[in-house]
Structure formats: C-alpha cells, structure tokens
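Everything below concerns the one structure shown next.
The values are calculated or read from the model by the stated rules, or taken from the named source; none is laboratory data. Just so it is clear, the model here is predicted, and its values are computed rather than measured. Positions of Cβ are backbone-derived with ideal geometry, glycine not excepted, and every protein chain shown enters the neighbour counts.
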Amino acid sequence: MRPEDQRPGAPRYTVEARTLIFLTRGNRLLLLRGSPTKRLWAGKYNGIGGHLEPGESPIQSARRELREEVGLTAPELALRALVHVTLPEPPGVLLFVFAGEAGPGEPVPSEEGTPVWIPLDAGVEQAISALPLVEDLPELLPRVLEPVSRDSPPGEAAVNDLIYATYVVTEKGLQMTFA
C-alpha cells in the first residue's frame, strides 16, 4: 500500500503515541520526580516514559526511554494498559503503559528528573498517598501493579488482563474511565 493511501480524505482525529513505564525491584517502585524546569509535571512523581520515535514500536520506545531517563534496562516489560487521552484540542494521546522488574544497576538522574525508589511494604496506595503525584497515578498505578491473572485460557490472558482507560481533559479537570 502506498503512503498516500493511508491518509484519510478529510481531516480526522489523531493521537500522539507515548509510553509510560513502571519498574519494581523487590518490594520497591521506581518513580521519576520531575525536574523543576519541566513544562509539565515539574516536581511531581510519575513513571518513566515519552514519545514514540518514527518507526519505533511501543516496546522499543519503552526500552529507549528507560535508558535515556534513568539509565536502566528491564529484561521483561509487560503491556499493562492502553490509555486514550482526549485533550481540548487535537491531537490526543494514546498511552502504552508497561510494567516490569528493573534490571541490574542503580537509576541515575537525567534532565527529565530524579529517580526515586518508593518502598511498597504497606501497599501501593499507602506508599503513594503522601507523594505529589501526576493527577492520574492514584487511580492508574494500583491497577497497573496488580498481579496478572493466570485463570484465562491460553492466548486470552494478555487481552483479559489489559487495562483500558479513557481520560478526557476538560475545563473542569481530568475525567477518568476504566473499562
């Protein structure tokens, strides 16, 4: 198929593809405290991630972002959620959310922020309750870190365990729906 055949005849709604990654190591969670100079989420805790580059798959993007932002690898990353974010003005965002166990080494700061290990001894909700988080994390993070079900028939587990969310950003704030 030719590239011009992929374009719709009329302007359509579009999204920017991004990745968001949450790493654990034992009973600790790695979050990134945004640099004070960041345009968005300065000083707030978030996962690690960013935009997909041309020709890059979501998993390739996740692995690249981990290297660039905290200097770590993750031997296995699982796609845990797809989040469609509708903004007041297009384009929207399609977020591929991954979780995995951190590879060897310690994370290093970058221009994006400072990596911080959060102890999960008291559970995810308790661990993050006092942190200045990006707005959706109190709802999203416990779902993403929930153990994957092993009760699904072969080939269906990945689909059944995938979290689907829709966020709509309005003048009244962020409205989140989880399917």
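Among the candidates ALA62, ALA74, the residue that is touching a residue at least 40 places away in the same chain (Cβ under 8 Å), assigned to a loop (DSSP other than H, G, I, E, B) and not charged (D, E, K, R) is uniquely ALA74. Set side by side, the residues LEU52, LEU29, LEU72 differ, and just one is within 15 Å of the chain's Cα centre (by Cα), more than 19 Å from LEU140 (Cα to Cα) and surrounded by 17 or more Cβ atoms within 10 Å (Cβ to Cβ), which is LEU52.
Taking the numbered list (1) closer than 18 Å to VAL144 by Cβ; (2) part of a strand (DSSP E or B) in turn, ARG33 passes all entries but (1). Of a type in the set (Ser, Thr, Tyr), at negative phi, at pLDDT below 90 and out of contact with any Cys (no Cβ under 7 Å at 6 or more places or on another chain): is that true of SER149 in this structure? So SER149 fits the description; yes. Considering only residues that are loosely packed, with under 13 Cβ neighbours inside 10 Å and among the acidic types (Asp, Glu), look in segment 102-123 and name the one that is nearest to ARG28 (Cα to Cα). Selected residue: ASP121. Might you let me know whether segment 18-32 holds any residue that is in contact with a strand residue (DSSP E or B) (Cβ under 8 Å, 6 or more places away or on another chain) and within 13 Å of GLU111 (Cα to Cα)? Checked against the condition, which is being in contact with a strand residue (DSSP E or B) (Cβ under 8 Å, 6 or more places away or on another chain) and within 13 Å of GLU111 (Cα to Cα), segment 18-32 yields at least one hit. The set of residues from segment 58-106 being among the polar types (S, T, N, Q) and either closer than 22 Å to GLU135 by Cα or touching a helix residue (DSSP H, G or I) at 6+ places or on another chain (Cβ under 9 Å) (or both) comprises THR73, THR86.
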